[in-house]
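Below: one structure, written as structure tokens.
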């Protein structure tokens, strides 16, 4: 059995289970082995209620003193229970679990495990996990992995298949030389895969994760640097000079460029007018004015008689860009002749767009990945701007190059990456930074609170909506069922809010005329697009979402961002989420709600309260987080590796970069005997179309 063996070869996997695995994008045994846990739980010995510390996850073994009552608030069922163990009392609340009234017998003893909170002088738990004492003792002290599952596939079943896969998997020879493993303190791939799924302890888990993270980073960096275009200046067929069009446009804008914008615009002009292709990254916080700089570059391209393309990550954002450019044409008489091209357009609409692009009638093409599809033929594509595109890759550049001459490339990113890491990750790009916000932008007001603040937050949300504003609420997971299986809860046992249940909760506590909807990545593309459009058009007042809104939607009317379980996210990602508000003329607010009241967790989040500077926050994130932090504060966005995180794993990223540079300097073709296994691995990766710079 090897990595390409179908998942059906595992004993017990029939057609039904195969379909469930397919929903998780698991089709082969190799896919299964690299389906890493999302977090782990250590089940500590139960403590007395009196010793259960506030703000910590504890297991208590107590007697059900009584069912205090149950009620239904619209679609939300609430059950309240009182426990006692002789040392103290604790109140427990369960949501949408009415069956527990029959399970929990008065006078019965059970283990309840969850975050201990306070309400006045009373201790309480919300939505704890429930065990019999015998069941709890079976897992006490263990480090148990937990996976992102789909309905019908339990954690226990997945672990059974994982054990079988590891037992019969035919591991290839170790890809790295012994000296390379020793130099970087790495364990073998086999040991790493076994330990990531079945760790004997925390130290072994850390070693396993380090090895797998190193593999991801090394492969990405080696293949990027090995690219024939890496580090090479490519002669440009499009030497684009400034014309009066951009000067007139700047004069007509109702605001002046900041000094940072002027500096970056000068760098872009210099690149596009040189004999070589521009290959530049523009980093800047949300609201720093990256888009207007990109518009200037596209306008200069059009004024020189060439075509430009602007590629956005979502159709909604592409449409917003298109409407903005049309507004510039009407208001300022810009020389743009724009066309929109997205995947959801009808065949007829696409044919019309293809014709305008091929003839050169359209000098600006705005869209999604549809821009680089085979049917699109450009007349004179001279500039490609990718907006919020996560790793516009080597293959994408090659696709564009195949459509004609090499265009200039401008990559726009709002992800604040410290320069030390950006130089590694974007080693083939020149880097510009817009580190200044427009003078008229109102700073976002921030607060970091615990869960007891929710009622106040809901009143504030209702007040903002009554004034015509809109609100985002972010939850870390899609459905409660993700955590309800097999007795697991969130990282360290902390209760995690989910989009589906939280939406019902908000509908029950907010005035009935306030329109609440939810959005998450598991929805059908058409449904996601519809919800984003409804929020953008203000049909929806409050949008409850996962981090799928981190990029791809621009709603200047949204003034409140509330993030539940903020301790689950990295600071840089929280800053990205905060960037969804503060885009309009009204004062905006961000509420970070932490279910973990430990001092270090709250202090970490308070960095966001002190600063709205994304680059400072990214640097602090890098400084505060270390290899001891495994999961739950993982970044997403700009570099979404499968297991690696550029902040938490910055030291490993630097190790991998050094090794990639060393091998490319000493043995670029991997011809030496000690690199033979690595060469075979890289060749196999290329054959299987593993694009480490794909989007």
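What are the residues in the range 231-279 that are touching a strand residue (DSSP E or B) at 6+ places or on another chain (Cβ under 7 Å) and not in a helix (DSSP H, G or I), if any?
Of the range 231-279, the ones touching a strand residue (DSSP E or B) at 6+ places or on another chain (Cβ under 7 Å) are 233-236, 238, 240, 260-261, 264, 267-268, 271-272, 275-279.
Selection gives 233, 234, 235, 236, 238, 240, 275, 276, 277, 278, 279.
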* Answer yes or no: is there a residue in the range 671-684 that is at pLDDT below 90 and either in contact with a strand residue (DSSP E or B) (Cβ under 9 Å, 6 or more places away or on another chain) or not in a helix (DSSP H, G or I) (or both). => no
* **Residue match in the range 342-349 (condition: under 27 Å from residue 558 (Cα atoms) and crowded, with 18+ Cβ neighbours inside 10 Å)** => yes
* **Count of residues meeting criterion [surrounded by fewer than 17 Cβ atoms within 10 Å (Cβ to Cβ) and in a strand (DSSP E or B)] in the range 1-41** => 1
* **Members of the range 430-450 found to be out of contact with any helix residue (DSSP H, G or I) (no Cβ under 8 Å at 6 or more places or on another chain) and surrounded by 19 or more Cβ atoms within 10 Å (Cβ to Cβ), listed by number** => 437
* Structure fact -> Restricting attention to the range 73-111, the residues that are farther than 15 Å from residue 122 by Cβ, in a loop (DSSP other than H, G, I, E, B) and touching a residue at least 40 places away in the same chain (Cβ under 8 Å) number exactly 8
* To do: Could you pull out every one of the strands (runs of 3 or more DSSP E) wholly within the range 498-595 that has 3 or more residues that are under 28 Å from residue 439 (Cβ atoms) and modelled with pLDDT of 85 or more?
  => 558-563, 589-594
* Asked: Looking only at helices (runs of 4 or more DSSP H) that fall completely inside the range 411-484, which ones have 2 or more residues that are under 22 Å from the mean Cα position of the chain (by Cα) and either in contact (Cβ under 8 Å) with a residue 24 or more places away in the chain or not assigned by TED's automatic domain parsing to the domain that holds residue 516 (or both)?
  -> 419-425, 481-484
* Asked: Among 130, 144, which is the only one that is at pLDDT below 90 and in a strand (DSSP E or B)?
  -> 144
* Structure fact -> Only one of 163, 146 is assigned by TED's automatic domain parsing to the domain that holds residue 21 and touching a strand residue (DSSP E or B) at 6+ places or on another chain (Cβ under 6 Å), namely 146
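The values are calculated or read from the model by the stated rules, or taken from the named source; none is laboratory data. Keep in mind that this is a model prediction, so the values were computed, not measured. Note: ideal-geometry Cβ built from the backbone for every residue, glycine included; neighbour counts use all protein chains shown.
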